[in-house]
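Asker: Next up is a structure, given as structure tokens.
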Amino acid sequence: MATAKKAATKGLEALFLDGLKDIYYAEKKILKALPKMAKGAESEEVAAAFEKHRVETEGQVDRLEQVFDLMDKPARGKTCPAIDGILEEGSEILDDYKGDPALDAGLVGAAQAVEHYEIA
């Protein structure tokens with residue numbers, strides 16, 4: 001009779017750390033993309049909104065780094081294809097609608113997609 005081998009489990013701490021790495025990667029990528037979005041915006045209001053979001057995102061990255069420190073783990077991201085895709089779409093909007101009146105609407109829509117990802 002074969003004995004059942006217990007599968008190795010990682011536990012809740014590993015799951016939490018995995019999620020932390022994912023969101024850290026995403027926030028760092030967002031931080032890098034926001035200045036491009038601000039620069040590409042047609043209206044000063046939309047550019048200012050991206051700048052405000054950049055400052056907020058810097059604070060989020062700092063807080064995530066504090067959590068890594070509390071866990072005695074290096075602040076290291078884990079590639080997140082979801083945020084990569086969302087940011088690529090925003091970059092395409094910048095390229096495809098440059099100089100077009102629809103550009104700011106497209107950028108705001110892209111920013112909303114980023115926010116929805118962060119909420120999820």
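Values quoted throughout were computed directly from the atomic coordinates according to the rules given, and no laboratory measurement underlies them. The shown structure was predicted, so the numbers you read here are calculated from the model rather than taken from an experiment. Glycine also receives a Cβ, built like all others from the backbone with ideal geometry; neighbour counts cover every protein chain displayed.
Asker: If one takes the longest principal axis of the Cα atoms in the chain, at what angle in degrees, from 0 to 90 and to the nearest 10, does the Cα axis of helix 81-96 lie?
Answerer: Once rounded, the angle reads 10 degrees.
Asker: If Lys and Arg each add +1 and Asp and Glu each add -1, what is the summed charge of the other residues whose beta carbon sits under 13 Å from the beta carbon of Glu13?
Answerer: Result for the neighbourhood of Glu13: +1.
Asker: Lys21: which lysines have alpha carbons under 26 Å from its alpha carbon, excluding same-chain residues fewer than 8 sequence positions away?
Answerer: Lys10, Lys29, Lys32, Lys36, Lys52, Lys73, Lys78
Asker: Which angle between 0 and 90 degrees, to the nearest 10, do you get for helix 12-40 versus the longest principal axis of the chain when only C-alpha atoms count?
Answerer: Relative to the chain, helix 12-40 is tipped by roughly 10 degrees.
Asker: Right, next: Between beta-carbons, use under 12 Å as the cut-off and find the net charge around Ala102, counting Lys and Arg +1, Asp and Glu -1.
Answerer: Values: positive: Lys98; negative: Glu42, Asp96, Asp100, Asp104.
So the environment of Ala102 carries a net charge of -3.
Asker: Considering the Cα trace of the range 15-120, what is its radius of gyration and what is Dmax, both in angstroms?
Answerer: 14.6, 49
Asker: Put +1 on the Cβ of each Lys and Arg and -1 on the Cβ of each Asp and Glu in the chain; which of Leu103, Leu12, Leu64 then has its Cα farthest toward the positive end of the dipole?
Answerer: Leu12
Asker: Add +1 for every Lys or Arg and -1 for every Asp or Glu among the other residues with Cβ under 13 Å from the Cβ of Ile83, and state the total. List each step's numbers first, then the result.
Answerer: Details: positive: Lys21, Lys28, Lys29, Lys32, Lys78; negative: Asp22, Glu27, Asp84, Glu88, Glu89, Glu115, Glu118.
Net of charged neighbours comes to -2.
Asker: Give me the dipole magnitude in Debye, nearest 20, for the chain about the Cα centre, with unit charges on the beta carbon: positive for Lys and Arg, negative for Asp and Glu. Walk me through the intermediate numbers first.
Answerer: Working: 16 positive and 24 negative charges, 189 e Å.
Here the size comes out at about 900 debye.
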